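Written out below as structure tokens is the structure these notes cover.
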Amino acid sequence: MNTERRATGAPEAESGDSPDPRALAAPLKEHLRQEQARLHATFAADGNARRLIRGRSRLVDETLRDVWRHLAIPDGIALAAVGGYGRGELYPASDIDLLILAPDDFCNADAHRRSVEKLIGLLWDIGLEIGQSVRSITECLTEAARDITVQTTLLEARHLCGDAAMFQRFQLAFRKQLAPAVFFRAKQLEQGERYARFNDTPYSLEPNCKDSPGGLRDLQIILWSARAANLGDSWPALARQGIITAHEARQLARAEDTLRQIRCRLHLLTKRREDRLLFDHQEGLARASGIVATRSRRAAEVLMQRYYRNAKLVTQLNTLVLQNLAATIHTAAPAAPIIIDGRFQMVRDLLDVRDEALFEREPRAILQAFLLMAQRSELKGMTARTLRALWGARVRIDAAFRRDPDNRALFLQLFQQKRGLTHELRRMNQYGILGHYLPAFGRIVGQMQHDLFHVYTVDQHIIQVIRNLRRFTLPEFAHEYPFCSRLITAFERPWAIFVAGLFHDIAKGRGGDHSKLGIKDARRFCRDHGIAGEDAELIPFLVEHHLTMSAVAQKQDLADPDVVRAFARIVATPRRLTALYLLTVADIRGTSPKVWNAWKGKLLETLYHTTLEVLSGDAAPPAAGLGMRQEEARDKLRFHGLRGGIEEALWRQLDTAYFMRHDAEEIAWHTRLLYYRPDSPEPVVKARLNPFGEGLQVMVYVAGQPELFARLCGFFSRLGYSIVEAKIQTTHHGYALDSFILLDLSGTLPDRDMIALIEHDLAEHLQSRPPLAAPVSGRLSRQVRHFPFSPEVTTRRDEKGNSHIMSLAAIDRPGLLYAIARVLSQHGIDVQAAKISTLGERVEDTFVLSGAELGKTATLVQLEQELLEVLKV
């Protein structure tokens, strides 16, 4: 009999009975429009979100009761508000959730069924977006027992009209069935799953004000659990029960009102049910909130920092109150505390202060508490009174506290523990301890990053990087990045890298190069905390150069011995190299899930190994290294059953640069495919799964033809692939031997199935040589519109004077590389190599170019101007 449905349009209402429902629709709809407009105008004037959502709820109550009366619904049916509407809160674009309580024989009662259909039809006709379910009491109880979401919705059921006695029977039966402890545990699990969906942080750059950690759901779960346990349904009621203090009740009310205002303004701004603070809406939301830009920050940044501070408070209070609710709801006899020392004890696996005045009396115990949490794995958290005491005592961390050698030693010890560092840094940040101890860190809490690839605020990114470094040390995560795990296991005093992780971005937002500015903070920290010797040099070095290894690996030619030797001079020692490699991997992974890929991992690992050879004195001279690489390629050819000497015809056509740019495995692959046809009259195209990571590797061998690089870029772009590396080689007899690494950044292309298509279609395309098509203007990411970024083009001669190096930085979009290649081909410029680095929504490409036109200043100026025009969004 359950006829639950959520309609997408108004069903037709039946006519016949008087009054005609259609005659009621127009005046009711107009009344709703006028009254809602009045409520919106009042909110725009006074910003009172509570008045708006309560007022809309009352307006809908009155409308529903009018409709019920006019339709003369027969006895035996009750109408109830449920969900948010049940608690009397209707946001401007929220659905109106209704429960129609009906008798068990509803489907057989024609009068009841027709009345309900008329009711639903009329409600849609007057413009109410309803979500209704028609259930009997038995069905309600059955569904509630099976589904915690239904149980939560029914918990807030409120009678509107109809059979009050039936509704009363439902409530009594529902209450009798409800088990507060079971309900509370289910809501805790639900919160854990919700937090996981948002990476356990309220600090994403586009948070959801309803569902993200620190959003309205964090407050609602408290009131749901309290209501289920008959402890109250408001903050003052919880204060009267002793669950929270009066001060906390005021804090919760203010935090809730802030979130209500944001959600109301979002709904009104977007004219729909939108709860995400997308970049598209942040500036408009700031204006609607009366926030203006400062000299150094946009209005949206001011808004978001206020949001993050509010979210931080909500998560703090959520933890405190849920712990107190748990102690009240679970009626088991209290466990006897286990004494840890004179200051602390353990209560139900939670760290507890033996005296609530401890931190005020002995501020040093603040750091001792976090150190204990890291040292004792049996501790799963802190009691509510401990967290309250920490929050209240955070102001005791002043300059004198920071100068105390014992406090400095305690803080450093935290980084030297085998476990718990990430959890305790997060807890210290959440309760304001970390920002008070390190004022430089306090300044970047909640600071946004407008760079198109970071997805967290600066403070959360830093903690994410430390978390990534720590995971390298844990056996249970060794399968994720086994090479990093091996390196860090053999690294003496890895805690020094964790400290560098804490400082690597700490100077962001000050103006200037944060890598340089952060050195001063790192050196001061080392001096103040007694870090001496090579670690005192290592930590500032890592802060200064935390971007260097990534830049070299992704933008320079790693086959060039001069590039590797220059990088080796920067790192100077194998220990510095290892530390920088580990920090670089952790840093890239901590920016955004989209930024890291296996190809970047391969580039970094290659740079690590080649640099280590230089530092260890094992690097062969270029000529000797070339011979060794050729011999290794010959060994691989023998392994595949090819006789000695078959490679000579092809290799005679290849210059030294080819053997420097390709490793032995690639050389052997090319040779196996081409040794018997070095003068092939037809294009040879071969593709395979990338042996160095994800994506495809494609080789193209074809007699020289104009616009070849542009043609290849256009072909791959139309398939949906991004080129992340291109090695372009011209043989002595005029053939192009080009190799590409392709990635499907959308994750939708079946790489294995695409191999045959690429080999056939690309060979045919190169044979027919159709005119170059105009670049496709692909759709830009919506984030791009909100981050002003000026494209950059620089061109310079390489150190040997043989080629030109062109570097480009621009907003990424489909077909961008093809558009660049077309401009280059129009000027008769050949691409010898290309490194394509994608950083979220931004690309930084480096090309090695040759061509007579590059020697002319006027041509270079014109070329750069044309490229800047192409790169514009």
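Annotations for the structure displayed:
- Checking the Cα-Cα distances for Lys727/Lys872; Lys602/Lys727; Lys210/Lys271; Lys210/Lys312; Lys686/Lys727 against a 20 Å cut-off, the pairs over it are Lys727/Lys872.
- Using heavy atoms of the protein chains and a probe of 1.4 Å, the accessible area assigned to Trp124 is about 40 Å².
- Summing charges over all other residues whose Cβ lies under 15 Å from the Cβ of Gln168, with Lys and Arg as +1 and Asp and Glu as -1, gives +2.
- Where Glu613, Glu864 fall by accessible area, highest first, once all protein chains stay in place (1.4 Å): Glu613, Glu864
- Label point of Arg643 set 7 angstrom out along Cα-Cβ; within the stretch 657-687, amide nitrogens under 14 Å from it belong to 676.
- Of all DSSP beta bridges confined to the chain, the antiparallel ones make up roughly 90%.
- On the chain, 50 percent of the accessible area sits on carbon and sulfur atoms, based on a 1.4 Å probe.
- Counting only lysines at least 8 places from Lys29 when in the same chain, those with an alpha carbon closer than 17 Å to its own are Lys118.
- Listed options for percent of Cα pairs over 55 Å apart are [x] 15; [y] 39; [z] 28. The value calculated from this structure is the one marked [z].
- Mean residue ellipticity, 222 nm, helices only, the chain: the sum of -39500 (n - 2.57) across DSSP H runs of n ≥ 4, divided by residue count and rounded to 500, is -17000 deg cm²/dmol.
- Using the Cβ-Cβ distance between Glu476 and Ala23 with R0 set to 51 Å, the FRET efficiency works out to roughly 0.15.
- By the rule of a C-alpha distance below 18 Å, with chain neighbours fewer than 8 residues away ignored, the lysines paired with Lys508 are Lys516, Lys520.
- Folded to 0 to 90 degrees: helix 49-71 orientation relative to the chain principal axis, Cα: 60 degrees
- Considering only Thr42, Ala249, Val67, the residue lying farthest towards the positive end of the dipole of the chain is Ala249, judged by Cα position with unit charges set on Cβ.
- Counting only protein heavy atoms and using a 1.4 Å probe, the accessible area of Arg250 comes to about 130 Å².
- Tilt relative to the chain, helix 110-125 - C-alpha long axis, 0 to 90 degrees, to 10: 60 degrees
- Peptides 382-395, 266-279, 746-759 ranked from most to least packed, by the mean per-residue count of other Cβ atoms within 10 Å: 382-395, 266-279, 746-759.
- Separation of the stretch 809-831 from the stretch 457-518 is 36 Å, based on Cα centroids.
- Restricting the calculation to Cα atoms, every distinct pair contributes to the Kirkwood radius of the stretch 525-621, found to be 14.1 Å.
- Taking Cβ atoms as reference points and 10 Å as the exclusive limit, the residues near Arg227 contribute a net charge of -1, counting Lys and Arg as +1 and Asp and Glu as -1.
- For Leu351, distant residues with modelled amide H under 5 Å away: Lys380, Gly381, Met382, Thr383
- Under 13 Å from Lys380, Cα to Cα: aspartates and glutamates that are on another chain or at least 8 residues apart: Asp349, Asp352, Glu424
- Label point distance in nm, Gln34-His247, each placed 7 Å from Cα along Cα→Cβ: 5.0 nm
- Modelled FRET efficiency - R0 35 Å, Arg361 with Gln416, Cβ distances, 0.05 increments: 0.80
- Taking the C-alpha atoms only, the angle from helix 384-393 to the longest principal axis of the chain is near 70 degrees.
The values are calculated or read from the model by the stated rules, or taken from the named source; none is laboratory data. None of the values given here were measured: they were computed from a predicted structure. For neighbour counting, all protein chains shown are included, and Cβ atoms are generated from backbone atoms with ideal geometry for every residue, glycine included. To get the accessible areas, we keep the full protein, side chains included, count just its heavy atoms, and leave off ligands, DNA and RNA. Shrake-Rupley method; radii C 1.70, N 1.55, O 1.52, S 1.80 Å.
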